[in-house]
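Down below is the structure, laid out as structure tokens.
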Amino acid sequence: MSTIITFIVLFLIFNWIFKSYQRFQRQFYTQGQFQSTALTYEAVAHSELGVFVALIAKVAKADGRIHELEAELIGNIFNDISKAFGESHKEKVRELLKEIFKREKEIIRNVDTLAARLQALTRGDRQKRLMMLTFLINLAYIDGELSHAEENLIIKIAAFLEISGSEVEGIMQRFASMFKANASQSSINDAYALLGADREDDLNVIKKKYRTLVKKYHPDIMKAKGASEEYIKDATKKVQEINTAYEMIKKERG
């Protein structure tokens with residue numbers, strides 16, 4: 001149950017992030033804007049959106065692995081970006097973007113070059129760079145936390161994009177607060193689920209369910225029934241989880 005709730009929370013965050021990206025797309029580039037770009041690996045890789053995809057690859061791989069939700073979000077990004085090159089070319093561009101991503105996620109020493117190139121390509125449009133950086137932070141947070149490697153990489157990219165440290169910190173704090181709030185909500189939902197209770201239940205009803213579960217899993221009762229040591233160990237852990245859940249609910253209700 002805990003895994004399911006966590007996945008739902010992450011899915012909702014993922015959905016919100018993707019919608020933010022779509023707003024970014026509508027604001028900063030339109031379908032057909034890059035139709036004159038030659039459809040070769042080099043041309044697309046050196047275009048504004050190609051460089052952006054390369055930096056996405058760096059952030060996605062910064063913590064050593066690409067999370068499942070990151071992969072799904074990136075796939076949707078490829079679909080959207082490819083449309084900017086025209087309907088008739090989108091499939092070929094998507095394959096080129098995938099190749100750019102595949103190559104760049106394995107290269108670790110060219111972040112400075114890429115960030116400087118993006119700065120040059122978007123010169124005079126600071127708002128676009130800020131939105132691109134915000135999306136990279138979105139991507140870094142999608143697995144629920146920001147690693148030191150991801151944070152250091154984003155700070156480096158921001159410096160090349162001429163975005164101040166205070167602005168970066170503000171964006172990160174916004175996402176940190178959002179994930180903290182969601183994690184807290186997920187925990188209290190887990191507590192109710194563990195006790196088999198609903199939020200609408202009276203506390204006395206929840207107390208009865210709590211006591212029933214404690215009685216069911218209490219180690220002494222398990223011993224009296226002749227349970228194995230391994231089963232008793234699991235039951236002890238279960239009782240601890242039940243106690244924690246009950247205390248969490250009581251605290252929430254004051």
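The values are calculated or read from the model by the stated rules, or taken from the named source; none is laboratory data. On a predicted model such as this, the values are computed, not experimentally measured, just so you know. With ideal geometry, Cβ positions are generated from the backbone for all residues, glycine too; neighbour counts draw on all protein chains shown. The protein model used for the area step is the full one, side chains on, heavy atoms only, and it has no ligands, DNA or RNA in it. Shrake-Rupley method; radii C 1.70, N 1.55, O 1.52, S 1.80 Å.
Every condition in (1) open to solvent by 40 Å² or more (accessible area, probe 1.4 Å); (2) of a type in the set (D, E); (3) outside any helix (DSSP H, G or I) is met by D201 except one, and the failing one is (1). For beta carbons closer than 7 Å, sequence separation of 6+ or different chains, a first residue in the range 71-88 that is open to solvent by 10 Å² or more (accessible area, probe 1.4 Å) and a second that is part of a loop (DSSP other than H, G, I, E, B), the qualifying pairs are K83/Q31. For A60, the criteria (1) assigned to a helix (DSSP H, G or I); (2) in contact (Cβ under 8 Å) with a residue 12 or more places away in the chain; (3) open to solvent by 30 Å² or more (accessible area, probe 1.4 Å); (4) of a type in the set (G, A, S) hold in every case but one, which is (3). Look at the range 103-124: where a residue is among the polar types (S, T, N, Q) and a partner is not in a helix (DSSP H, G or I), sitting 6+ places away or on another chain with Cβ atoms under 9 Å, you get Q119/L161; Q119/E162; T122/L161.
One residue stands out in the range 125-165 among those that are among the basic types (K, R) and either touching a Phe, Trp or Tyr at 6+ places or on another chain (Cβ under 6 Å) or touching a residue at least 40 places away in the same chain (Cβ under 8 Å) (or both): the one that is surrounded by the fewest Cβ atoms within 10 Å (Cβ to Cβ), namely K156.
Mind checking whether some residue in the range 95-102 is open to solvent by 60 Å² or more (accessible area, probe 1.4 Å), under 21 Å from the mean Cα position of the chain (by Cα) and at negative phi? Yes, because at least one residue in the range 95-102 is open to solvent by 60 Å² or more (accessible area, probe 1.4 Å), under 21 Å from the mean Cα position of the chain (by Cα) and at negative phi.
Yes/no per residue for (1) over 15 Å from K58 (Cβ atoms); (2) among the basic types (K, R):
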| site | (1), (2) |
| --- | --- |
| D80 | yes, no |
| A84 | yes, no |
| K98 | yes, yes |
| F101 | no, no |
| L121 | yes, no |
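What are the pairs, 6+ residues apart or on separate chains, where a residue within the range 189-205 that is more than 14 Å from Y246 (Cβ to Cβ) has its Cβ under 8 Å from a residue that is surrounded by 12 or more Cβ atoms within 10 Å (Cβ to Cβ)? Listed by first residue and then by second, the contacts come to N189/I5; D198/Y192; R199/Y192.
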